[in-house]
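The values are calculated or read from the model by the stated rules, or taken from the named source; none is laboratory data. Worth saying up front: this structure is predicted, and the values here are computed from it rather than measured. Note that each Cβ is placed from the backbone with ideal geometry, even for glycine, and that neighbours are counted across all protein chains shown. Areas reflect the complete protein model, heavy atoms only, side chains present, ligands, DNA and RNA absent. Shrake-Rupley method; radii C 1.70, N 1.55, O 1.52, S 1.80 Å.
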Amino acid sequence: MQVHVADLRSGDVVSRDIFNAYGLFVLPAGTQLTESEIAKLFQHQIDYVDIEPRNSGTGNAPTAMRLKPMFESAVAGSELLYREALDSGVVCEEQMDEVFRPLTDRLPEERDVVSMLLLNSEAEYTFNHSVQVGMLAYYIAKWLGWSEEEALTVSKAGFLCDIGKCRIDPALLNKTDPLTEEEYRMIRKYPIFGYEIVKRSFKNELMAKAVLQHLERMDGSGHPYGIKGEDIHEAARVLAVADVCSAMISTRTYRERRDLLHVLRELHRLSFNELDPTVVHTFIRRLLPFFVGKTAVLSNGESGVIVMTNPTDFFRPLIRCGETFIDVSRQQGVEVVDIAM
């Protein structure tokens, strides 16, 4: 079957060798496409590709559809772990593996991280957020060049980043009215509570430090201790980016979720003072290729398909509008205002 490149999906299998308009070989038949290879086809200005027929099973199903059952199971299990931590003061490592392993075993295989960010369940925000942070932390760590073991360890810390909240009154956590100074001081203690639980449960300093310091900021404006810069553990700096990203794309009791483009722009802004710039810029640089093939809406009212990202200006890609191309980086006063996911 012949498919336009904008309609290709990760997992599609190329049925014929692909050459560009100049006769240069691009991809061989039999290639199972990833997002980076689809981006490569756009860069070669290839319009149509022959692929094997898509089966009706889950192999070619969108990432969100494949992972949703495992995500929801992990969220439900996360709630049970929080209850156990409140009752016993520890998290059972075997139980944690049982809750999260079906999901973490799939993470190395998945490439469409943008779709994974859209995963959500009906459970309370804290449990959705923790699972999302764990997933994001894994990918950020891998993109930074960490080993598989290190990435999985920081991912586990992400799953438990808010475990200390089990010791705080839920009514206080979900309060929509302004917090009193005493209430705010109480909430700020939850990373310390989390550190105590994780340290007692796993005897793993990386996990414990990541949980303790994930709300610290590079400029010293974070908490609970106001440490800054290199004094913050590198795993905590990874969790900080995953935590901020997840928080902004989630619906909270006091505000609606933000679109992903807004979130990435805000992360970029924070990289100049609060968040580790290497972690943030690596995250954005690796995430933006997943926007290739998505529809961008411009501030001048035009819209088109993103065909190439700009490595020197993250948020000003090359866009195809019908038969013409718009290089947003060269258009004064024009910017991308929304991306249809």
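Ranked by the mean number of other Cβ atoms within 10 Å of their residues, highest first, the peptides 216-225, 203-212 come out as 203-212, 216-225.
So if R0 is 25 Å, what FRET efficiency would E110 and H262 give, r being the distance between their Cβ atoms, rounded to the nearest 0.05? Walk me through the intermediate numbers first.
Details: r = 24 Å, r/R0 = 0.95.
After rounding to 0.05, the efficiency reads 0.55.
Among Y184, Y82, Y195, the largest mean-square fluctuation in a Gaussian network model of the chain, built with springs joining Cα atoms closer than 10 Å, belongs to Y184.
Peptides 125-134, 268-277 ordered by packing proxy, namely the average of other Cβ atoms within 10 Å per residue, highest first: 125-134, 268-277.
Name the residue farthest towards the positive end of the dipole of the stretch 225-341 from the options N310, I249, A235, assuming +1 on Cβ of Lys and Arg, -1 on Cβ of Asp and Glu, about the Cα centre. Result: I249, furthest along the dipole toward the positive end. What residue among I227, I38, I306 has the largest mean-square fluctuation in a Gaussian network model of the chain, using Cα springs under 10 Å? Result: I227 has the largest fluctuation of those listed. For the stretch 126-133, putting each phi into the Karplus relation 6.51 cos²θ - 1.76 cosθ + 1.60 with θ = phi - 60° gives couplings of 3, 6, 4, 4, 4, 5, 5, 4 Hz, in residue order, rounded to whole numbers and with x for Gly and Pro.
Relative to the dominant Cα principal axis of the chain, helix 93-104 is inclined by about 20°. Each of S130, N273, Y82 was scored by the projection of its Cα onto the charge dipole of the chain, and the greatest displacement toward the positive side belongs to N273; charges sit on the C-beta of Lys, Arg, Asp and Glu. Here the stretch 92-205 is treated as a Stokes sphere of Kirkwood radius computed over C-alpha pairs; at 4 °C and 1.567 mPa s its diffusion coefficient rounds to 84 µm²/s.
Here the stretch 67-141 exposes an accessible surface that is 49 percent carbon and sulfur, computed with a 1.4 Å probe and the other protein chains kept in place. Pairs of Cα atoms nearer than 8 Å and 6+ residues apart set the relative contact order; for the stretch 1-134 it is 25 percent.
When Lys and Arg each count +1 and Asp and Glu each count -1, what net charge do the other residues less than 11 Å away from D338, Cβ to Cβ, add up to?
Numbers: positive: K294; negative: D259, E335.
With Lys, Arg at +1 and Asp, Glu at -1, the net is -1.
Which value, in debye to the nearest 20, gives the size of the charge dipole of the stretch 208-341 about its Cα centre, when Lys and Arg are +1 and Asp and Glu are -1 at the Cβ? Walk me through the numbers before you get to the answer.
Numbers: 16 positive and 17 negative charges, 40 e Å.
It comes to approximately 200 debye.
Spatially, the stretch 1-44 and the stretch 296-341 are offset by 22 Å when compared through their Cα centroids.
If R0 equals 25 Å, the separation of the Cβ atoms of H281 and A29 corresponds to a calculated FRET efficiency of about 0.10.
Expressed as a fraction of 2.2 N^0.38 Å, the value expected for a compact globular protein of N residues, the C-alpha radius of gyration of the stretch 273-341 is 1.14. Using a Gaussian network model of the chain in which every pair of alpha carbons under 10 angstrom is joined by a spring, one finds that among L298, L119, L288 the greatest mean-square fluctuation is at L298.
Do the alpha carbons of any pairs in K209/K294; K165/K294; K68/K228; K142/K294; K199/K294; K203/K294 sit beyond 32 Å of each other, and which pairs? Distance filter (> 32 Å) returns K209/K294; K165/K294; K68/K228; K199/K294; K203/K294.
Send over a whole-number figure in Å² for the accessible area per residue of the chain, probe 1.4 Å. Can you show the working numbers first?
Values: 16140 Å² over 341 residues.
Spelled out: the 1.4 Å probe surface of the chain, per residue, equals 47 Å².
Quick check: net charge around Y225, other residues with Cβ under 13 Å of its Cβ, Lys/Arg +1 and Asp/Glu -1?
Details: positive: R188, K189, K209, R217, K228; negative: E216, D231.
Taking every Cβ under 13 Å from that of Y225, the sum is +3.
Once both labels are positioned 7 Å from their Cα atoms along Cα-to-Cβ, the gap between E94 and K175 label points is 4.1 nm.
Can you give the net charge of the other residues whose Cβ lies under 11 Å from the Cβ of V75, counting K and R as +1 and D and E as -1? Walk me through the numbers before you get to the answer.
On the way: positive: K68; negative: E72, E79, E122, E124.
So the environment of V75 carries a net charge of -3.
On a 0 to 90 degree scale, rounded to 10, what angle separates helix 260-270 from the longest Cα axis of the chain? Relative to the chain, helix 260-270 is tipped by roughly 60 degrees. Taking label points 7 Å from Cα along the Cα-to-Cβ direction, F272 and T312 give a separation of 1.9 nm.
Any idea what the relative contact order of the chain is, in percent, if you count C-alpha pairs under 8 Å spaced at least 6 apart? If you can, show how the numbers build up before the last one.
On the way: 561 pairs, mean separation 44.7, N = 341.
It comes to 13 percent, rounded to a whole number.
Mind ordering 173-179, 27-33 by average Cβ neighbours within 10 Å, highest first?
Values: 173-179: 11.1, 27-33: 14.9.
With the highest mean Cβ count within 10 Å placed first, the list reads 27-33, 173-179.
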